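Read-outs: derived from the displayed coordinates by stated rules, not from any lab. What you see is a predicted model; the values in this text were computed from it and never measured. Methodologically, a virtual Cβ is constructed for each residue, glycine included, from the backbone with ideal geometry; neighbour enumeration extends over all protein chains shown.
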Amino acid sequence: MGIKEGENVWIHSWDHTTDLAFDIAFACRQSGAQPFVTLLTEDYWMRSLVETPRELLETLPSHQAAALEHTDAFIFMLGPKSPIDWDRIPPEKRGLANVWYSDSNKYLDSWRKIAQENSIRMLGIEYCLATEEWSQAWGLDHARWRRVMLAGCLTDQREIAKKAAELARIIRDSHEVSVRTPSGTNLRFELAGRRPIIGDSIVSEKDAAEGTVKFLPSGFVEAAADEDSADGKVVYDSPILVRGAKRIEGLTLKFKHGKLAKYSARVGVEAFRKYLDSAGGDVDKFGFFGIGLNPGLKHGFTQDDKVLGGFTLGIGGNEDKGGRNQTTGNRHWWASMTRATVQIDDKLVLEHGLETF
């Protein structure tokens, strides 16, 4: 984040991340900065969503706004420690249960307006989601997940940012993509001149001026492509995690002119069908693609789109990426595949999952 002497750093913690929050605060103090730590408990957060009037939840308090105006860098831990019990939260308040500082509601819109006006650098730490409770919900080995997430955080973020910038340039200047995998993927689609989204963990002054929130670990480039252009078959060879310790295995999608024409799975196809039935609009249209760049992460956990050499393909809403697919609440579905060979125009960027650019 480039914390400098004399800067004010706001560190926002959950009750399960206080040790990390104060380690970060001490590191900021060693850099000559002034840290300010705030705490949110899981119980208070949930009770507020259940019992507090919506108009109060949507209001950014004046003392929070004043603190934000005097902040140079904002670092927040991701939480809560346990999976969110959405059934407890009244439907009209569920849009307020956002902990990413990225979606839109009145509170977050007011927050981001001040952050952008004051060029505040913002970083969210996703490592904090690797808890025993979330591990059980996703059916993951907790110790392995923590090790993988930590490795993803500790890898050279500047090298990832350099690779991401080069890959984004290739995508921006090209027209056609072809993807093949040993598991049976054989797909072609066209690019549409949309600006690629770079997911790295280096928070720049430009990011601050644009109000962009970065996350750790990270490492990917994504882009919305021509929604009507995808033709061929996609086979996701890596298991897809579904909440409730369930998985989808062997999911296969067939596209014709960008439209999902057929789908099947060896295990768990009902979860994919539930997505198709849960939102209106373009839920079954080709939406976006991405390539992972983080060598510390591994497939089979919660960061598949960031794994070095992984290829991600998504369907449904892509307006947040500059596309034209419209769905209820920008709903979309994505998953990643391994060992992909990807050619963008005449340039080979992945060969059997190994980067070649």
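Things to note:
- Counting only the Cα atoms, the stretch 213-357 fills a convex hull of 121 Å³ per residue.
- Cβ charges +1 (Lys, Arg) and -1 (Asp, Glu), total dipole of the stretch 8-129, debye: 160 debye
- Helix 142-154 and the long axis of the chain differ in direction by around 80°, with both axes built from C-alpha atoms.
- Cα-centre dipole for the chain with unit charges at Cβ (Lys and Arg positive, Asp and Glu negative), debye to 20: 900 debye
- When Rg and the Kirkwood Rh are both derived from Cα coordinates, the Rg/Rh ratio for the stretch 8-129 amounts to 0.96.
- Dipole of the chain computed with +1 at Lys/Arg Cβ and -1 at Asp/Glu Cβ about the Cα centre; of Gly329, Phe288, Ile11, farthest Cα towards the positive end is Phe288.
- Pairwise centroid distance, computed over Cα atoms, of the stretch 270-294 with the stretch 158-220, Å: 19 Å
- Cα principal axis extents for the stretch 81-137, largest first, Å: 40, 29, 11
- Dipole of the stretch 8-129, positive direction: furthest Cα of His63, Cys128, Leu96, with charges on the beta-carbon: His63
- Overall form of the chain per C-alpha gyration tensor (a/c, 1.5; a/b vs b/c): prolate
- Where labels lie 7 Å past Cα in the beta-carbon direction, separation of Glu159 and Gln34 in nm: 3.8 nm
- Which of Ser264, Ser178, Ala224, positive extreme of dipole for the chain (C-beta unit charges): Ser264
- Rounded tilt (10° steps) of 157-172 against the dominant C-alpha axis of the chain: 50 degrees
- Value of relative contact order over the stretch 126-263, rounded to a whole percent, pairs C-alpha under 8 Å and six or more apart: 24 percent
- Assuming charge only on the beta carbon of Lys and Arg (+1) and of Asp and Glu (-1), the dipole of the stretch 157-272 about its Cα centre is about 400 debye to the nearest 20.
- Angle in degrees between helix 106-117 and the longest Cα principal axis of the chain, rounded to the nearest 10: 80 degrees
- Net lengthening on full extension, Glu133/Leu150 (0.36 nm per residue, minus Cα-Cα): 4.4 nm
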